[in-house]
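Enquirer: What follows is a single structure, and I will ask about it in a moment.
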Amino acid sequence: MTRPSLPVATDGIKAAGITPSLLARMGQRDFGLAAGAFLVVALLLGFGLLADEVIEGGTARFDLAVLTALRTGKDLAIPIGPAWVQETGRDVTALGSFVFLGFLSAATVGYLMLVRKRGLAMVMVAAVLGGAIASTLLKYGIDRPRPDFPNAVRVFTPGFPSGHATLATVTFLTLGVLLTRGSADRRVKSYFMGLSVFLTVAVGLSRIYLGVHYPSDVLAGWCVGAAWAVSCWILALWLQSRGEIEREGAEAAPARSGTGTEPELSR
C-alpha cells in the first residue's frame, strides 16, 4: 500500500507558511529583479554608446541644429516663444535644481524616518546621493563644454550628462515608486508614475529650451538617472525580501480585510 506522499508534502508546505499567494509574489519579485537588471544594462549601454558619439563629435550637427531651431535667429540669447513661455521654462528648470530636489528629498527622508520606514529612507538617500555623485564624476570625467549660447541661466559645471536631467530622473522616479507602494489601485499607481515621468521629461526639455544643454546632454542624463533609479528599486526589492522593508501594499491590506490589525513597519 503506497503512502499518501502528496498530502504529507502539501501539509508540510502549509506548515512552513508557504501559500499560493506567497509563491506568486516570489515569482513576481524574481521577474521584477530580472527585468530591472536588464533595464539597467540597456540604459547603461545606451549611455555608453551616446558618450562615445559625443566624444567623437557624432552628435554635434544634431545638437546644434536643435538648439538653433529654438532661438529667435536674431538674438541667440532669446529662446523662441512669448515672454511667459520663457519664464515658464525657467520655472520648470528650477524643479531640477540641486536645492529644490535636495529639500524635497530631505523632507521625504524625514517623513519616512518619522513613520519608522528606515529601509525606504535608506533607499531614498542612496538614490539621491548616488545620482549626484555619478553625475558629477561623469561631468568632469568627460568634460564636455556647454553650448556657446548666451543665456540668462548661470552654469558652473561641464555639460555631459545634464545634472538637472540626472537628478530629476532619480528623484522623481524614486518618489513615484514610493508613492505607488501606498495603493493597490492600478490607476493610482499609473497616475503617480506618469506624473514622475512627466516632471522628469519637462525638466530635461527646459534645459534644452533655455540653451544651457545640448539634447545629447539631457538624453544622457535621463539614461544615467533612470539606470540608477532602477538600481535603487532593485535594492528595495532585496531589502523587502530580507524583511527590512514592508511588503508593497501591506498598509492597505488590513483595511480591505476588515481585521483592524496594523501592518508591521520596517525596522
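Any read-out appearing in this document is the output of simple, stated calculations on the displayed coordinates, not a laboratory observation. Everything quoted here is computed from the prediction, not taken from an experiment.
Enquirer: With a ≥ b ≥ c taken as the square roots of the eigenvalues of the C-alpha gyration tensor of the stretch 31-247, please select rounded if a/c is under 1.5 and otherwise prolate if a/b is larger than b/c or oblate if it is not?
Expert: Numbers: a/c = 2.21, a/b = 1.69, b/c = 1.31.
It comes out prolate by the Cα gyration axes.
Enquirer: Classify the stretch 90-160 from the C-alpha gyration tensor, please: rounded if a/c falls under 1.5, else prolate or oblate depending on whether a/b exceeds b/c.
Expert: The shape class here is oblate.
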